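To start, the structure under review is shown below, and the notes come after it.
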Amino acid sequence: MDMNRLLFRHPEATYLVRVSGESMSGAEIHAGDLLAVDKHLMADHNHIVIGVIEGDCTVKRLVRRGASWWLQAENPAFPDYEITDPDQVHIWGVVTHVVHELIPGKLTALLRSRD
């Protein structure tokens, strides 16, 4: 199985990002996980996205509530963010895959060895 073909449907528009924080733990996305993010896909209701709010990067679920759009955390300890001004939020891509490490330290060590 070619993991590049699996994770990178649009290789020219896909990147990996490492998660920090636990705001998406309800979606089984945890600190240290790697996310495959596709910039080619159009973000839509219920997609998990990488968003930038006033310069800060975040991972949240994009949801529509009535006429409003929200970036929703999947952990009740974190607030949701209503998108009241579309110019304040930039979507940098749709999360397509999560790589979750089961043997602590192996993925971190591999990534550090390539820096």
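The values are calculated or read from the model by the stated rules, or taken from the named source; none is laboratory data. Predicted, not measured: the structure shown is a model, and the values here were computed from it. Heads up, the Cβs are rebuilt from the backbone with ideal geometry, glycines too, and the neighbour counts pull from every protein chain shown.
Checking the conditions here, which among 104, 76 is surrounded by fewer than 13 Cβ atoms within 10 Å (Cβ to Cβ) and either basic (Lys, Arg) or at pLDDT 95 or above (or both)? From the options 104, 76, the qualifying one is 76.
Of all the listed residues (43, 31, 77), the sole one being touching a strand residue (DSSP E or B) at 6+ places or on another chain (Cβ under 6 Å) and of a type in the set (A, V, I, L, M, F, W, C) is 43. Scanning the stretch 1-58 for residues that are surrounded by fewer than 13 Cβ atoms within 10 Å (Cβ to Cβ), among the hydrophobic types (A, V, I, L, M, F, W, C) and in a strand (DSSP E or B) turns up just one, 57.
Just to be sure before I move on: is residue 96 outside any loop (DSSP other than H, G, I, E, B) and modelled with pLDDT under 95 in the structure I sent? When the stated conditions are applied, residue 96 does not pass them.
Residue-wise test of (1) touching a residue at least 40 places away in the same chain (Cβ under 8 Å); (2) aliphatic (A, V, I, L, M); (3) over 18 Å from residue 19 (Cα atoms).
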{"position": "45", "(1), (2), (3)": "no, no, yes"}
{"position": "52", "(1), (2), (3)": "yes, yes, no"}
{"position": "58", "(1), (2), (3)": "no, no, no"}
{"position": "62", "(1), (2), (3)": "no, yes, no"}
{"position": "69", "(1), (2), (3)": "no, no, yes"}
{"position": "79", "(1), (2), (3)": "no, no, no"}
{"position": "85", "(1), (2), (3)": "no, no, yes"}
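If you check 87, 38 for being over 13 Å from the mean Cα position of the chain (by Cα) and among the acidic types (Asp, Glu), only one passes: 87. The C-beta contact set for the stretch 1-24 (first residue polar (S, T, N, Q), second residue in a loop (DSSP other than H, G, I, E, B), distance under 6 angstrom, 6+ apart or interchain) comprises 14/8; 20/31; 23/73; 23/75; 23/78.
For the stretch 69-78, residues that are assigned to a strand (DSSP E or B) and either under 16 Å from residue 24 (Cα atoms) or touching an Asp or Glu at 6+ places or on another chain (Cβ under 6 Å) (or both) total 3.
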